[in-house]
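The values are calculated or read from the model by the stated rules, or taken from the named source; none is laboratory data. Predicted, not measured: the structure shown is a model, and the values here were computed from it. We place every Cβ from the backbone using ideal geometry, glycine too, and count neighbours over all the protein chains shown. When the accessible area is computed, the model is the full protein with side chains, heavy atoms only, and any ligands, DNA or RNA have been set aside. Shrake-Rupley method; radii C 1.70, N 1.55, O 1.52, S 1.80 Å.
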Protein chains: 2
Amino acid sequence: MPGTVQSIERAAAILRMLAGGPGRLGLGEIARSLDLAKGTVHGILRTLQHVGFVEQDRVSGHYQLGAALLHLGTSYLDINDLRSRSINWADPLAARSGEAVRIGTVLQGRVLVVHHVFRPDDTFQTLDIGALLPLHATALGKVLLAYRAARPGASLDRFTHRTVVGARELAADLDRVREAGWATDIEEYTVGEAAVAAPIRGYGGLVVGAIGISGLVERICDNRYRPHPRLVGYVRDAARAVSRDLGAARH
Amino acid sequence: MPGTVQSIERAAAILRMLAGGPGRLGLGEIARSLDLAKGTVHGILRTLQHVGFVEQDRVSGHYQLGAALLHLGTSYLDINDLRSRSINWADPLAARSGEAVRIGTVLQGRVLVVHHVFRPDDTFQTLDIGALLPLHATALGKVLLAYRAARPGASLDRFTHRTVVGARELAADLDRVREAGWATDIEEYTVGEAAVAAPIRGYGGLVVGAIGISGLVERICDNRYRPHPRLVGYVRDAARAVSRDLGAARH
DNA sequence: GAACGCCGTTCGGCATTGTCGAACACCGAC
DNA sequence: GTCGGTGTTCGACAATGCCGAACGGCGTTC
């Protein structure tokens with residue numbers, strides 16, 4: 001890619017690597033993975049540390065993500081049009097459906113969760129905002145796949161015995177999504193969980209995100225393993241409402 | 001600062017600027033603020049866009065923060081020791097005190113909120129995680145100021161008529177904090193709100209963060225405008241519990 | 001309607017800048 | 001003691017990314 005600043009791309013690659021791995025990473029490990037000299041990586045890491053994007057563990061010397069990123073990440077949430085427009089509609093959807101609501105958009109071949117409303121009951125739930133989900137195994141992801149040029153990654157990871165991993169099978173699934181205007185995921189990502197999602201369209205009718213509900217299969221689906229039409233209606237209504245907001249937002 | 005990568009520092013400065021301003025920023029505006037050539041800034045922005053750290057509005061051409069930062073930010077939360085150790089203690093504190101609980105640490109002269117438990121009642125509240133609060137006008141901030149070398153910024157912003165803006169006055173306040181082992185903020189940041197906080201100590205007794213509760217003055221304080229001793233006790237207990245966890249966490 | 005100011009973008013030349021690789025100091029384990 | 005593993009420093013080279021001027025659109029202004 002011409003006209004791009006090399007050191008910044010490398011810094012971003014390091015940050016992505018730190019975000020991927022489950023914790024601290026050593027300098028040598030990073031240098032080896034990116035095929036760079038240790039000295040080079042050290043210089044970049046020192047700079048990233050200086051600006052607060054990474055921190056170094058005093059005892060092991062290993063590096064991890066830094067606190068400044070948290071503020072940048074939440075600042076992104078404040079600006080995001082998709083999120084701000086959907087907040088008003090996500091709460092009613094959760095209330096009417098009785099399920100958790102999530103809103104996602106595409107990031108680097110995965111679904112980025114930009115908003116999350118907990119299921120109305122009082123069960124313990126963890127906040128999914130900022131999480132990355134697979135495109136091919138979630139209802140949100142299938143919607144985004146179906147309406148965007150983005151193709152799924154070459155290898156379709158299997159998460160459960162129901163995950164669609166065949167390219168041909170997935171393509172047929174996506175055709176159905178385009179035809180119906182909504183997508184499902186029934187125990188394809190997590191056993192016992194199902195989800196329904198519909199596309200959110202922005203300026204010019206382009207699909208910019210997806211909104212959906214998720215919960216236990218027995219609540220989402222009827223005895224024929226199909227989602228309740230009532231729930232599908234709620235989700236589609238919410239998606240349309242957000243789309244209208246988003247289209248009107250553009251002057 | 002020698003041995004630091006110039007372009008990365010500049011990229012970070014741009015990101016910080018985008019996070020500070022309330023939305024999109026123009027290229028010229030950024031270039032002027034940072035005293036750089038427009039071409040230079042453009043190259044950096046193009047790279048940041050390429051890695052997903054910034055996005056560009058098609059119609060105005062202006063730049064804003066990108067989605068990739070959200071995932072990096074939440075990944076930081078997953079790693080953060082202070083946060084993960086305090087989660088177990090924050091919920092009981094909220095339940096016992098009946099108030100919202102927040103945990104903060106120092107970032108660039110301000111308090112970064114790394115964890116937030118809502119007040120147990122069902123009133124509408126917004127998640128503060130990732131927010132940056134002033135050091136001198138919040139209970140969390142005063143604790144961090146009192147026990148860390150970090151000095152407050154040169155100018156102490158005034159938020160309410162009770163905000164402590166005199167350097168001398170603040171120093172006396174911090175002395176009291178060190179002596180008592182906890183800090184308060186009574187309508188110094190937001191009118192009608194008060195807070196109590198205590199220090200969290202990590203490996204070697206160093207103060208690495210603060211935990212505190214906040215809510216309406218009439219609930220936090222008695223009729224003499226002093227926080228209820230019962231609540232102070234709860235906060236200090238929680239702070240000690242987290243500190244113990246954190247100290248034990250180091251192998 | 002033409003001239004102006006502003007926007008983001010492109011491009012080529014110069015030298016500043018960041019890269020590299022080897023050498024260093026440290027730690028723990030075999 | 002030695003070896004393999006950290007993270008770190010340093011100096012030399014040239015590749016790299018900076019700068020500034022020029023470009024093409026837009027909207028406003030006169």
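I need the GluC sites (Glu not before Pro) found in segment A:7-99, filtered to DSSP loop residues with at most 12 other beta carbons within 10 Å of theirs. Answer in residue order: no site qualifies. The apolar share of the surface of segment B:168-251, taken as the fraction of accessible area on carbon and sulfur atoms (1.4 Å probe, ligands and nucleic acids excluded), comes to 50 percent.
The angle between the Cα long axis of helix A:68-79 and the longest principal axis of the Cα atoms of chain A comes to about 30 degrees, rounded to the nearest 10. Axis of helix A:167-180 versus longest Cα principal axis of chain A: the two differ by about 50°, to the nearest ten degrees. For segment B:1-130, carbon and sulfur atoms together expose 50% of the accessible surface, with a 1.4 angstrom probe and every protein chain in place.
With the convex hull drawn over the C-alpha atoms of segment A:80-249, the volume per residue is 109 Å³. GNM remark for chain B: springs join alpha carbons under 10 Å apart, and the peak mean-square fluctuation among B:VAL196, B:VAL113, B:VAL41 falls on B:VAL41. For A:GLY205, the point set 7 Å out from Cα toward Cβ sits 7.1 nm from its twins in the other copies, listed from shortest up.
So if I take the centroid of the Cα atoms in segment B:108-136 and the same for segment B:150-228, what is the distance between those two points in Å? That distance is 15 Å.
The angle between the Cα long axis of helix A:38-50 and the longest principal axis of the Cα atoms of chain A comes to about 70 degrees, rounded to the nearest 10.
Only protein heavy atoms count here, probed at 1.4 Å, and on that basis chains B and A bury about 4300 Å² of accessible area in total. Nearest to the axis that brings chain A onto chain B is this chain A residue, judged by its Cβ, with the distance in whole Å: A:GLY73, 1. Using only the C-alpha atoms, the convex hull of segment A:155-230 corresponds to 115 Å³ per residue. Surface analysis of chain A yields an accessible area of 47 Å² per residue, using protein heavy atoms and a 1.4 Å probe. Loop sites here are chymotrypsin sites (Phe, Trp or Tyr not before Pro) outside DSSP states H, G, I, E and B with no more than 13 other Cβ atoms within 10 Å. The longest part of chain B free of them is B:1-123. Between copies, B:TYR225 shows label-point distances of 6.8 nm, shortest first, with the point placed 7 angstrom from Cα along Cα to C-beta.
Distant-in-sequence amide contacts of A:ARG201, defined by a placed amide H-H separation under 5 Å and a gap of 5 or more residues or a different chain, comprise A:VAL208, A:SER243.
A Förster radius of 35 Å, combined with the Cβ-Cβ distance separating A:ASP237 from B:VAL217, puts the computed FRET efficiency at roughly 0.25. Evaluated at q = 0.06 Å⁻¹, a Debye calculation over the C-alpha positions of the protein assembly as shown (equal weights, vacuum) places log10 I(q)/I(0) at -0.31. Segment B:3-32 and segment B:53-91 have Cα centres separated by 17 Å. With a Förster radius of 56 Å applied to the beta-carbon distance between A:THR4 and B:ALA180, the computed FRET efficiency rounds to 0.55. The helix-only estimate of mean residue ellipticity at 222 nm for chain A, built from DSSP H runs of length n ≥ 4 each weighted as -39500 (n - 2.57), is -14000 deg cm²/dmol after division by the residue total.
Of A:SER86, A:SER214, A:SER33, which has the largest mean-square fluctuation in a 10 Å C-alpha GNM of chain A? Maximum fluctuation in the GNM of chain A, among the listed residues, is at A:SER33.
With springs only between Cα atoms under 10 Å, which of B:ASP121, B:ASP57, B:ASP185 fluctuates most in a Gaussian network model of chain B? Comparing B:ASP121, B:ASP57, B:ASP185 in a Gaussian network model of chain B, the most mobile one is B:ASP57.
Across identical copies of the chain, B:ASP57 has label-point separations of 4.3 nm, listed in ascending order, with the point defined 7 angstrom from Cα along Cα→Cβ. Using the Cβ-Cβ distance between B:ARG46 and B:ALA167 with R0 set to 51 Å, the FRET efficiency works out to roughly 0.70.
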